[in-house]
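*Asks:* The structure under discussion is supplied below as structure tokens; questions concerning it will follow.
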Amino acid sequence: MSSTRDLGHAQAAPDRYPAGGGASRAGRRQAHDAEGPLTGVGTLWRFMLRRDRTRILVWTASIGALYAFCVVALGRMFADPEAQQARAAIMRTPASVLMSGPGYGLNHYTLGPIMANELLLWIAASVALMSILQVVRHTRAEEESSRSELLRAQPLGRHAPTFAAVGTVVVANLAIAVVGFLALIGGGLPVASSVAYVLGVFGAALCFGAVALVFSQLSANARTASGLSIAVVLASVFVRGAGDMQAVGGSPLSWASPFGWAQQTRLYVELRWWPLLLPLAFALACLALAAALGARRDFGAGLLPGRLGRATAKASLRSPHALVWRQQRTATAWWGVGMFVSFLAMGTYIDQMGTMVSDMAANNPIVGDIFDTSDMVGSFTHIMFLFGVLAAVGYGISAVQRARGEESSGRLELTLATPVSRHRWLAANLGVPTVASAALVALGALGMFAGAASVGVTDPGIGQYLLAAVVYLPAMAVIVFLTAALFAWVPRLITAAWALVAFGFVEGMLGDALNLPGWLRGFSPLHWVPNPLATGATNYWPLVWLSLLAGALAAATFVGFRRRDVPMV
């Protein structure tokens with residue numbers, strides 16, 4: 001690949017080489033060095049920003065809306081001192097520390113410490129995910145698709161794509177920081193801590209973007225680079241949680257995570273700025289390491305050798321279903337681990353949830369709108385499964401969107417040129433994500449039962465937890481099949497399915513508190529799911545209608561995909 005790069009430079013600047021006789025290796029190297037390793041970085045950076053302007057806008061609007069929503073919703077829910085201190089009692093439990101933060105400000109738990117303890121980690125993790133995807137998209141994925149080779153046929157420095165990708169991520173993170181800052185101060189929070197808040201999110205996200213740069217040099221494919229980077233994010237979340245559980249305010253282990261650096265600024269309590277220097281130093285070190293590694297590898301290759309495959313494929317890989325499963329099994333496994341661990345932690349709340357939420361609802365009617373205080377275990381379980389279902393649906397949408405990626409990359413055309421029909425290929429790309437999403441919810445049910453059993457609560461039993469998960473499957477199928485129908489009929493709008501996920505969260509959690517009209521709430525398939533753990537009779541008829549709707553969307557998907565051209569750009 002290095003010879004291809006040199007050939008590209010020779011074609012771009014033929015006057016540098018002797019006519020007819022070609023160029024010596026030393027001459028080519030001298031010409032390349034004259035350009036410099038960062039030649040063209042500004043032009044490439046502007047191109048990346050133009051290419052990703054819609055993505056950056058969507059991410060900024062989504063995270064900004066999350067900031068604004070939480071400021072308003074949490075401010076209303078915990079407006080009086082009694083509700084604040086009842087919430088603080090919950091945040092002192094080990095499971096809450098694991099899933100949130102070190103607990104600064106719990107003695108005076110106002111909106112500022114609530115936002116810092118309960119939201120910072122998850123916003124930072126979301127922006128970190130965006131940074132990873134953006135970095136891998138513009139570095140390793142471009143090399144893997146050979147598009148970078150075409151760019152390097154022009155006067156372009158070897159490190160220009162790396163630094164241009166970093167610049168793009170910085171712009172996206174700054175846009176999110178500005179919108180988040182405006183939402184925080186709009187909610188009446190202090191300016192200084194709000195600045196530190198968004199800078200902490202910015203720094204943590206930049207750290208993981210820099211980690212993705214390093215893995216993009218080590219790995220030979222984008223999927224591995226993304227997977228390893230996301231694994232580092234998950235490890236950082238649990239390392240921070242383990243450190244914070246060891247001591248009030250965190251322990252030395254808490255400082256081993258970029259998320260811990262952001263939380264150790266003690267936002268809205270005793271603000272300190274110096275921990276924000278740590279992510280900057282870490283990101284610069286990773287950038288230098290990525291540049292050094294990039295200079296030592298061949299273009300298009302990774303420093304880590306690829307694992308040798310079998311000489312002949314297994315018989316089980318002869319079907320499209322097996323191929324799709326092989327492509328998605330690693331992601332499915334990680335999602336499964338995350339789902340089980342999250343619900344395991346939630347299950348540990350069961351024994352104390354009744355007393356805590358009842359005390360909160362006595363002083364805060366909004367909490368009473370969210371939880372049914374007459375049946376606390378059933379209400380809590382149903383709402384927690386709503387979170388898990390939204391996560392599983394998110395996985396399903398992402399998996400179906402990979403089908404769009406197969407088409408836009410040109411691989412689908414090659415597949416359909418073999419004895420694989422459109423219907424078999426589509427059934428595989430729709431069936432595997434659907435089954436995997438259902439399995440994720442089942443793992444959540446097992447995790448919640450295990451967590452409840454660990455604190456001595458065995459009623460309801462495992463069968464009832466599984467039933468509480470199963471009733472969500474028709475609504476999940478509606479959302480996943482809607483995504484598939486958009487792919488089949490109007491692929492450009494496939495990302496619109498995420499809006500239904502966002503609305504499902506708002507409707508399910510705050511529909512009663514916000515007094516949303518019934519006709520509006522009915523647009524969420526999750527609204528029609530009954531709670532089998534509730535006391536009294538349960539109406540299961542909505543599940544029949546949801547199942548019929550899911551079947552109609554599946555049929556429309558196959559009809560639409562059969563009728564349109566492939567690829568559709």
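The values are calculated or read from the model by the stated rules, or taken from the named source; none is laboratory data. Please read all numbers here as calculations on a predicted model, not as lab measurements. For neighbour counting, all protein chains shown are included, and Cβ atoms are generated from backbone atoms with ideal geometry for every residue, glycine included. Accessible surface areas use protein heavy atoms only, side chains included; no ligands, DNA or RNA. Shrake-Rupley method; radii C 1.70, N 1.55, O 1.52, S 1.80 Å.
*Asks:* Checking ARG87 against (1) under 28 Å from ARG223 (Cα atoms); (2) buried (at least 20 other Cβ atoms within 10 Å of the Cβ); (3) over 23 Å from the mean Cα position of the chain (by Cα); (4) among the charged types (D, E, K, R): exactly one of these is not met. Which one?
*Replies:* (1)
*Asks:* Could you tell me whether segment 183-199 includes any residue that is without any contact (Cβ under 8 Å) to a residue 12 or more places away in the chain, assigned to a helix (DSSP H, G or I) and hydrophobic (A, V, I, L, M, F, W, C)? Step through it out loud before you land on a result.
*Replies:* Restricting attention to segment 183-199, the residues satisfying the condition of being without any contact (Cβ under 8 Å) to a residue 12 or more places away in the chain are 185, 191.
The next check asks that each one be assigned to a helix (DSSP H, G or I); those that pass are 185, 191.
Then drop every residue that is not hydrophobic (A, V, I, L, M, F, W, C), which leaves 185, 191.
Checked segment 183-199: at least one residue is without any contact (Cβ under 8 Å) to a residue 12 or more places away in the chain, assigned to a helix (DSSP H, G or I) and hydrophobic (A, V, I, L, M, F, W, C).
For (1) of a type in the set (A, V, I, L, M); (2) at negative phi; (3) assigned to a loop (DSSP other than H, G, I, E, B), each residue gets a yes or a no:
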residue	(1), (2), (3)
VAL127	yes, yes, no
ARG158	no, yes, yes
PRO161	no, yes, no
GLY180	no, yes, no
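*Asks:* So, in segment 390-434, of the ones that are more than 17 Å from ILE494 (Cα to Cα), assigned to a loop (DSSP other than H, G, I, E, B) and among the polar types (S, T, N, Q), which residue ends up nearest to the chain's Cα centre (by Cα)?
*Replies:* Checking each candidate, the answer is SER421.
*Asks:* Where in segment 438-534 are there helices (runs of 4 or more DSSP H), lying wholly inside it, with at least 2 residues that are touching a Leu at 6+ places or on another chain (Cβ under 7 Å) and open to solvent by less than 10 Å² (accessible area, probe 1.4 Å)?
*Replies:* Those helices (runs of 4 or more DSSP H) span 473-489, 497-510.
*Asks:* Further question: Residues in segment 118-150 that are without any contact (Cβ under 8 Å) to a residue 60 or more places away in the chain and open to solvent by less than 40 Å² (accessible area, probe 1.4 Å): how many?
*Replies:* Residues that pass the stated criteria total 3.
*Asks:* Moving on. Go through (1) over 30 Å from ASP459 (Cβ atoms); (2) in a helix (DSSP H, G or I) for PRO542 and report which single condition fails.
*Replies:* Unmet condition: (1).
*Asks:* Does segment 261-277 contain any residue that is closer than 30 Å to ASN221 by Cα and either over 27 Å from the mean Cα position of the chain (by Cα) or open to solvent by less than 60 Å² (accessible area, probe 1.4 Å) (or both)? So that I can check it myself, show each step before the final result.
*Replies:* Of the residues in segment 261-277, the ones closer than 30 Å to ASN221 by Cα are none.
Among the residues of segment 261-277, not one is closer than 30 Å to ASN221 by Cα and either over 27 Å from the mean Cα position of the chain (by Cα) or open to solvent by less than 60 Å² (accessible area, probe 1.4 Å) (or both), which makes the answer no.
*Asks:* Something else about it: Taking the residues in segment 199-219 that are open to solvent by 10 Å² or more (accessible area, probe 1.4 Å) and among the β-branched types (Val, Ile, Thr) as candidates, determine which candidate is nearest to VAL269 (Cα to Cα).
*Replies:* Within segment 199-219, the match that is nearest to VAL269 (Cα to Cα) is VAL211.
*Asks:* Among the residues of segment 419-433, which ones are open to solvent by 10 Å² or more (accessible area, probe 1.4 Å) and touching a Leu at 6+ places or on another chain (Cβ under 9 Å)?
*Replies:* Selection gives ARG422, TRP425.
*Asks:* For segment 83-108, name all the residues that are assigned to a loop (DSSP other than H, G, I, E, B) and in contact (Cβ under 8 Å) with a residue 40 or more places away in the chain. Let's see the steps before the verdict.
*Replies:* Here is the first cut: in segment 83-108, the residues assigned to a loop (DSSP other than H, G, I, E, B) are 92-93, 100-105.
If the condition is that a residue be assigned to a loop (DSSP other than H, G, I, E, B) and in contact (Cβ under 8 Å) with a residue 40 or more places away in the chain, then THR93, GLY101, PRO102, GLY103, TYR104, GLY105 are the ones that fit.
*Asks:* Right, something else. Which members of segment 408-447 meet the condition of being modelled with pLDDT under 90, under 14 Å from PRO320 (Cβ atoms) and not aliphatic (A, V, I, L, M)?
*Replies:* The answer is ARG411, THR415, THR418, PRO419.
*Asks:* Another question about this same structure. Would you check which residues across segment 111-133 are of a type outside the set (Gly, Ala, Ser), closer than 28 Å to LEU44 by Cβ and touching a Phe, Trp or Tyr at 6+ places or on another chain (Cβ under 9 Å) and list them? Lay out the reasoning, then the answer.
*Replies:* Quick first cut of segment 111-133, residues of a type outside the set (Gly, Ala, Ser) only: 111, 113-115, 117-123, 127, 129-130, 132-133.
Narrowing the set further to residues that are closer than 28 Å to LEU44 by Cβ leaves 127, 129-130, 132-133.
Passing the criteria: VAL127, LEU129, MET130, ILE132.
*Asks:* I would also like to ask the following. From the residues in segment 51-82 that are more than 18 Å from the chain's Cα centre (by Cα) and part of a loop (DSSP other than H, G, I, E, B), which one is surrounded by the most Cβ atoms within 10 Å (Cβ to Cβ)? Spell out the reasoning first.
*Replies:* So the first thing to find is which residues in segment 51-82 are more than 18 Å from the chain's Cα centre (by Cα), and the list is 51, 53, 68-82.
Now drop any that are not part of a loop (DSSP other than H, G, I, E, B), which leaves 78-80.
Values: PHE78: 24, ALA79: 14, ASP80: 10.
Looking at residues that are more than 18 Å from the chain's Cα centre (by Cα) and part of a loop (DSSP other than H, G, I, E, B), I get PHE78.
*Asks:* What's the number of the only condition in (1) of a type in the set (S, T, N, Q); (2) without any contact (Cβ under 8 Å) to a residue 12 or more places away in the chain; (3) open to solvent by less than 10 Å² (accessible area, probe 1.4 Å) that THR381 fails to meet?
*Replies:* Against the list (1) of a type in the set (S, T, N, Q); (2) without any contact (Cβ under 8 Å) to a residue 12 or more places away in the chain; (3) open to solvent by less than 10 Å² (accessible area, probe 1.4 Å), THR381 comes up short only on (2).
*Asks:* Can I ask one more? Which condition from (1) within 30 Å of HIS159 (Cβ to Cβ); (2) surrounded by 13 or more Cβ atoms within 10 Å (Cβ to Cβ) is the one that ALA292 breaks?
*Replies:* (2)
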